1. Could you work out the relative contact order of the range 10-104? I mean the mean sequence separation of Cα pairs under 8 Å and 6+ apart, divided by the number of residues, in percent.
2. Once you treat every alpha carbon in the chain as an equal point and sum by Debye, what is log10 I(q)/I(0) at q = 0.09, 0.12, 0.15, 0.16 Å⁻¹?
3. Please report, in debye to the nearest 20, how large the charge dipole of the chain is about its Cα centre when each Lys and Arg carries +1 at its beta carbon and each Asp and Glu carries -1 there.
4. Which of the listed residues, 95, 235, 12, is farthest toward the dipole's positive end in the chain, when Lys, Arg count +1 and Asp, Glu count -1 at the beta-carbon?
5. Quick one: length gained pulling residue 40 to residue 110 fully straight, 0.36 nm per residue minus the C-alpha distance?
6. When only Cα pairs under 8 Å and 6 or more residues apart are kept, what is the percent relative contact order across the chain?
7. By counting other Cβ atoms within 10 Å of each Cβ, how are 211, 24 ranked from fewest to most?
8. Hey, rough spin-label estimate for residue 232 and residue 24, points 7 angstrom out along Cα→Cβ, what's it come to in nanometres?
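Nothing in this text is a laboratory measurement; each read-out follows from the coordinates by a stated rule. Bear in mind that the values here come from a model prediction, so they are computed numbers and not experimental data. In this analysis, Cβ positions are derived from the backbone assuming ideal geometry, glycine residues included, and neighbour counts consider all displayed protein chains.
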Amino acid sequence: MKKKQKFEDKSYRLLSNKQPLSYMLPTRHTRRFPILHFDEETGVNRPLRYSANQKSIYEDEQDSNVILEPIIFEDGMLFVPKQNQLLQKFLEIHPLNGTKFEEINNEKDARQDVETLNLQVDALIEARSLSVEQVVEIGRVLFGDVTRISTAEIRRDILVFAKNEPEEFINLINDPQLKFNAKVQMFFDEGILLKRGKDIYFNTKSNKKRMVVVPAGEDDVYIVASYLQSEEGEQALKLLEKTLK
């Protein structure tokens, strides 16, 4: 016995964080915005067009009495009742599905929420168990100069960061580069490295020369750490470590 198809109301949402009061979805194929669906059986890209008085969403299956209707997301949301299967099908294969909008799936959303909450819990447990030394190391990497604030303040800020950015925090504490990056930040905090514009300079008694140039958009600590861990920067690292002691 053939299983009876179940029709359901469906809701859709825009994916942008900054949702406009209203957004009109393109509803017909044009040169400016091609709306095509690749037919797996024929190997042909078929133009799409939504018209409520038609029985198909494909232009080549529609008659000449086409009445175009706008598809408008209000406050980022669109509700389509089960009686409008034509629109549901059109939205399912619309080229902007998955990039501009998506169908709301409560079960999928719940799974994602559970994953996010579990990740937050894991991150907060890791953040809470940090030693004082680790708190300072991570604080330097995340926030820069932490010499002027208390350990309790750093720990609080780390906990807040772990809650808001759990995946990034867990990646950070598992990064073998963490300790070295914290050491590089300490060189800056103690003033034995200085930044002037895009240039990083030594600031020791015996050396005031330029060390490296930081390319636009790159992180100071990352560039300096990369240099100090290279063969060329080996002696520079020894000088900075000796000065720090």
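1. 42 percent
2. Ignoring solvent entirely, the Cα scatterers give -0.68, -0.83, -1.02, -1.10.
3. 480 debye
4. 235
5. Full extension of this stretch gives 21.9 nm more.
6. 14 percent
7. Exposure proxy ranking, most exposed first: 24, 211.
8. 5.7 nm
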